[in-house]
1. State in Å² the accessible area per residue of region 498-562; use a 1.4 Å probe, count heavy atoms of protein chains only, and round to the nearest integer.
2. When averaged across all projection directions, what area in nm² does the alpha-carbon convex hull of region 332-382 cover?
3. Count neighbours as other Cβ atoms within 10 Å of each site's Cβ, and list the trypsin sites (Lys or Arg not before Pro) in region 148-191 that are DSSP loop with at most 15 such neighbours.
4. Enumerate by residue number the chymotrypsin sites (Phe, Trp or Tyr not before Pro) in region 269-332 meeting two conditions: DSSP loop (anything except H, G, I, E, B), and at most 16 other Cβ atoms within 10 Å of the site's Cβ.
5. Give the cross-link partners of residue 357 among the aspartates and glutamates, using a straight C-alpha distance below 12 Å as the criterion and excluding same-chain residues fewer than 8 apart.
6. With runs of 4+ DSSP H residues as the only contributors, calculate the mean residue ellipticity of the chain at 222 nm using -39,500 (n - 2.57) per run, divided by the residue total and rounded to the nearest 500.
7. Output wanted: per-residue J couplings in Hz (rounded whole) for region 231-244, from phi through Karplus 6.51 cos²θ - 1.76 cosθ + 1.60, θ = phi - 60°, x for Gly and Pro.
8. Give the residues of region 415-436 whose amide nitrogen is closer than 11 Å to a point set 7 Å from the Cα of residue 461 in the direction of its Cβ.
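The values are calculated or read from the model by the stated rules, or taken from the named source; none is laboratory data. Quantities reported herein were computed from a predicted structural model and do not represent experimental measurements. Neighbour counts are summed over all protein chains in view; Cβ atoms, including those assigned to glycine, are modelled from backbone coordinates with ideal geometry. Accessible surface areas use protein heavy atoms only, side chains included; no ligands, DNA or RNA. Shrake-Rupley method; radii C 1.70, N 1.55, O 1.52, S 1.80 Å.
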Amino acid sequence: MAAAAVGCGGGWRRAWRRGLGGPLPVPVPIAALVPVTVAVPARRPPRVVARNAGGGAVPAGKSGLAPWVPVVGLEIHAQISSNSKLFSGSQVQFAAPPNSLVSFFDASLPGTLPVLNRRCVEAAVMTGLALNCSINKKSLFDRKHYFYADLPAGYQITQQRVPIAVNGSLSYSLCIDNKMSQMVTKTVRIKQIQLEQDSGKSLHDDSRSQTLVDLNRAGVGLMEVVMEPDMCCGEEAAAAVRELQLILQTLGSSQAIMAEGQLRVDANVSVHHPGEPYGVRTEVKNINSIRFLAKAIDYEIQRQIEELENGGTILNETRAFDSKLGCTVPMRDKEGMQDYRFMPEPNLPPLILYDTKSLPANVNHQQVVNIDWIHERLPDLPSAKRAKLVELYGILPEHSFTLVNEDGLTEFFENVVKQTQMKPKKVIGWILNDLLSYLKQHSCTVKESPISSVLLADLLNLLEKKEISASAAKQVFEELWKGEGKTPLEIVKEKKLQLLEDREELEQICQAVIDEHEKEVMAIKAGNQKVINKLIGLVQRATQGRSNPVLVKQILEKKLSE
């Protein structure tokens, strides 16, 4: 049995998956481009290996050595929110017609020169400051050479030698054993943030054995955030990326929508025994989902452990995650620094930034980027938002995480609190247990919810004023979800869900329930007081949720003591 890895909280489970891969078609570029044939290696069948379901330290494997230690580092490419590309005036727009947003520079026509986009520089500085980085007042651009049909120039302009930001950190939290009440905070170091161009997009047409190239994305501004190998499993990596995504969205430096390719993750994974040097790493490229990121890393960790336990070796290669098979598959050998032939970008001067002290006198502020000016205007980051929610509303820290992590949920919660008489601690229960449950069940976002904050506040006010019971409120909530335009009060009147105010009628119903359930009555009189809850439920059913449970309990206790 192969050794599992030392990792996050939880236990490793074995999930055996088999998959057979065939050769991929050789891509053929569209006729509008210079003909280039790109060889794609045949996909080998993935090995049958165990997969991580959450981590956990376990005994040594058959080698008899100490447990394996996984090491995970990330390279994250975030598309900068900008109207135009990094070095050209071409518009940036998702899902535009193919090759409709391509300038002469994007197509790499001879004689065209790059012009740096100020907005992209400010976004990178903002992100660096939010991630506790040191901002380099002088950074340099480089050419990174590689040849593929979606990179017309044959090189990418990036910042390999002196990036715009270095030496930062990102704190993130994750649950222990999937329990929201048990959370631990960890920190991953940020090695650097660099500005670079995106490449075009290759569209593989398997039916025609062709690859078509769309250059709309070519030249779009990216921030590459390089995280040090401080993580040890997929769960940690997923939590770190989610926190980074929230920060980028809060800053407005990137929309970071993974489904639109605005946030793409490369994971570097290796394993070694404690006290030994790091093992040979593999890189899993272009993971476009946080859920797939965790799965890909956990699978790759276990694949490497199995390979080494069986006497094999790990290749320094680039792999892809096959979400259908749930495994990683080889793509190509990993390029080295010499393969990219880095060189200074001759068409761009050094990027010079200023702070308040170094800002020249009588300078045009529109022509420079002031680090201190950007720092003063940073918004509250997700960690600060969570702390404020806990302090202001008295909710639990784990509840603040859910509110902030779900897009739009914090604003929804605060709007409800402003419009209802119910205490925030009670409101949070309705938001997390009812609204969020319905949203996930129907795959809706908060903005798509048919129940607005105003409607939910009206419903909670009826409940708080004791005009309806909790069970009746659940029925009203269900009716509101149908989105028929009715108010909570209209639904209450239509369904006759008002609380029974006639105490004599309620006493008769309680007596009838007691008479029909002699066994439960005997149990209560014998000392088992918990059984009274069953009788309360039966009364609620008889009144269709229109009775006040507190009043019902009082009546039942009085009658049972007679």
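1. Accessible area per residue, region 498-562: 64 Å².
2. Reported value for the Cα convex hull: 7.9 nm².
3. 161
4. Loop-located and lightly packed - 278.
5. In chain and number order, the partners are 372.
6. Per the formula, -10000 deg cm²/dmol.
7. Couplings: 9, 10, 6, x, 5, 5, 4, 5, 5, 5, 5, 4, 5, 4 Hz.
8. Answer for this model: 419-422.
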